[in-house]
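The values are calculated or read from the model by the stated rules, or taken from the named source; none is laboratory data. No experiment lies behind these values; they were computed from the predicted model shown. Here the Cβ positions follow ideal geometry from the backbone for every residue, glycine too, while neighbour counts run over all protein chains shown.
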Amino acid sequence: MLLLVGLGNPGDKYASNRHNIGFMAVDVVHTRWRFPPWRKNFQALVAEGTIDGERVLLMKPQTYMNESGRAVGEAVRFLKLTPADVVVIHDELDLPAGKLRMKVGGGHGGHNGLRSITAQITDAYRRMRLGIGHPGHKELVHGHVLSDFHKVDRDWLVALLDAVADNAGELTRGADTTFANRVHLAIDPKPDKVVKAAEDEAVKAATQPAEPVKPPERNAMAAILKSLMAQRGRR
């Protein structure tokens, strides 16, 4: 089983924050792969389903960011998982907005959610670092991570999180490098590869019956962002 953990803070007040990009990511995975409704367990909201035939437990800790390890540690111990079975999705200041990097082990880089998880299960778990950009000065960091995404962020945010959900099957196989490469190609395709992909699709369309249209869940992030913006407008 893979434990896929999105980090964030619970409640409408934080729903659109940059710090909550981990919650947003697992919400898109949840919708894209048609997981059952969220339920409470392990001091978190969880949903169990399958991705490419592999069992996956999605998790959104409800302990607030700084105590995320309590939820993750409880689940790991109960399910008898190893740190290698855990992928933690979190915001990353040291990456430009819209970029993704995968990493195994290492320090927490000042991220309190990672610090809490490391204290519970060691630092040997897998991390999906989603770039939110740095405000430029250390004293601005707190306000930056706890401020909402803006409308101008929508395009890159939708593209990034849809790509994460579309390629989540690679995570279940432990193919983190392949996963990252496919996400990068989806959000920043190289022209020659785009042309080749278009040619391949044209040949496929000419030789095979048309495939059914993908379900609306493919663009789940757009719907989630619309909901978040609506919540923001009501505050």
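The rows are residues; the columns are (1) under 13 Å from I21 (Cβ atoms); (2) in contact (Cβ under 8 Å) with a residue 24 or more places away in the chain.
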site: R77; (1), (2): no, no
site: D85; (1), (2): no, yes
site: K99; (1), (2): yes, yes
site: Y125; (1), (2): no, yes
site: G131; (1), (2): yes, yes
site: H137; (1), (2): no, no
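Looking only at residues that are surrounded by 15 or more Cβ atoms within 10 Å (Cβ to Cβ) and out of contact with any helix residue (DSSP H, G or I) (no Cβ under 7 Å at 6 or more places or on another chain) in the stretch 129-139, which one is nearest to G73 (Cα to Cα)?
Among those that are surrounded by 15 or more Cβ atoms within 10 Å (Cβ to Cβ) and out of contact with any helix residue (DSSP H, G or I) (no Cβ under 7 Å at 6 or more places or on another chain), it is R129.
Can you name every residue in the stretch 4-47 that is surrounded by fewer than 18 Cβ atoms within 10 Å (Cβ to Cβ) and in a helix (DSSP H, G or I)?
Scanning the stretch 4-47 gives D12, K13, Y14.
Conditions (1) out of contact with any Gly (no Cβ under 9 Å at 6 or more places or on another chain); (2) under 23 Å from K80 (Cβ atoms); (3) not polar (S, T, N, Q), marked per residue:
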{"site": "K13", "(1), (2), (3)": "yes, no, yes"}
{"site": "F23", "(1), (2), (3)": "no, no, yes"}
{"site": "F35", "(1), (2), (3)": "no, yes, yes"}
{"site": "Q43", "(1), (2), (3)": "yes, yes, no"}
{"site": "I51", "(1), (2), (3)": "no, yes, yes"}
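I need the full set of residues from the stretch 97-128 which are of a type in the set (G, A, S) and surrounded by fewer than 21 Cβ atoms within 10 Å (Cβ to Cβ), in order please.
Correct list: A97, G98, G105, G106, G107, G109, G110, A119, A124.
What helices (runs of 4 or more DSSP H), lying completely within the stretch 138-235, carry at least 1 residues that are modelled with pLDDT of 80 or more? Can you show your working first?
Details: elements: 141-145, 154-166, 169-172, 176-187, 191-207, 220-234.
In the stretch 138-235, the matching helices (runs of 4 or more DSSP H) lie at 141-145, 154-166, 169-172, 176-187.
Go through the stretch 48-79 and report how many residues are crowded, with 19+ Cβ neighbours inside 10 Å, part of a helix (DSSP H, G or I) and out of contact with any Pro (no Cβ under 9 Å at 6 or more places or on another chain).
2
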